[in-house]
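The values are calculated or read from the model by the stated rules, or taken from the named source; none is laboratory data. Here the structure is a predicted model, which is why all the values come from computation and not from measurement. Cβ: placed from backbone, ideal geometry, glycine included. Neighbour counts: every protein chain shown.
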């Protein structure tokens, strides 16, 4: 059986290039239509259903950017100018108009009084009794945050399709928004196939292993804001697989499985999908993760990841994540941010498929970034993912020497 990259065939099925496969998946992603009003503290990771406009102008008035003294620059003749202190303006209060020839003691965030056109920071001033000595000549506008420099009342502050992060929560709170229209969380049915699988906490019998894939998938789904619908372990029979897929299609917006999509006699998921619905994609020209399947059970999309744990992780990050983000209604570019750095070893035997190697981006002894590869290419070594902090993209059919630049996908960009 040959595996010669994009133009090769395996079992009569051509390997689909990554870009074509991803484009096919995304063309089938349909955002959930239901909208829920969500309290601000519950908005993290959710997707805005409609644009949010500001209820207020922010800041609502000119305010001091520093602790210091509000003055009229026309009163400052030079370094050493002495001015009487006419008032004190803490944050949360509003002072009187500044009397000519005086200074106002002011604190960060407090409204700048009328007639003042600058704030002199306290570090360049000396207070002596009821007077202040100005030891630096300020320019008009110094240390003043202008009204509306953040946003104006009625202006759009967040667009529809924004996935809410902590910074967005702070922005919404700053303009007085406490409840937000969000798309419903995507419900994703998850199950694993394999008679050898046992749930953690149970004793292992002969030939059995613990079902780690279910927990990997659940963590991946929760990291991007999904609601997992756990279907458990499905027996390695055609009947049980068809029953599980049909039930999952009725309970969820998307089905994601692990295992059963290769060509073995006990791999029932692929033929079950073909029997119940349609299989639109099978086998990608990447390593690890070649036997990725995509199709539909009725109107419910299906993503079948390989059973090897590293292959599952890689294919979910490359294909499942962008599909889900689009199905959640996230707008804009769904691709994670890439980092470019030199590889820290020779890579003399490249694969015929593009490889996504477990890797670490670290600083070398000179303090410069360098990509280190995991010692094994086996897709069954789950501990390698815990060791890695990202995936190095190794081009197909291209040997590399130490110091050559490679692209690196940080887990921080893939798991959020």
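So here's what we get for this one:
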read-out	value
Positions within the range 349-361 being modelled with pLDDT of 95 or more and farther than 14 Å from residue 288 by Cα, in sequence order	360, 361
Residues that are in a loop (DSSP other than H, G, I, E, B) and either assigned by TED's automatic domain parsing to the domain that holds residue 308 or in contact (Cβ under 8 Å) with a residue 24 or more places away in the chain (or both), drawn from the range 336-367	336, 337, 338, 344, 345, 346, 348, 349, 350, 351, 352, 353
Residue count, the range 368-416 (criterion: in a helix (DSSP H, G or I), under 17 Å from residue 312 (Cα atoms) and without any contact (Cβ under 8 Å) to a residue 40 or more places away in the chain)	4
Residue, surrounded by the most Cβ atoms within 10 Å (Cβ to Cβ), within the range 252-291, restricted to residues that are in contact (Cβ under 8 Å) with a residue 40 or more places away in the chain and farther than 18 Å from residue 306 by Cβ	253
Members of the range 289-309 that are under 23 Å from the mean Cα position of the chain (by Cα) and on the phi > 0 side of the Ramachandran plot	289
Residue match in the range 74-97 (condition: buried (at least 16 other Cβ atoms within 10 Å of the Cβ), over 30 Å from residue 182 (Cα atoms) and touching a residue at least 60 places away in the same chain (Cβ under 8 Å))	yes
Residues (within 21 Å of the chain's Cα centre (by Cα) and surrounded by fewer than 19 Cβ atoms within 10 Å (Cβ to Cβ)) located in the range 48-63	50, 51
Output for the range 306-317, where each listed residue is surrounded by 24 or more Cβ atoms within 10 Å (Cβ to Cβ), closer than 17 Å to residue 222 by Cα and touching a strand residue (DSSP E or B) at 6+ places or on another chain (Cβ under 8 Å)	312, 314, 315, 316
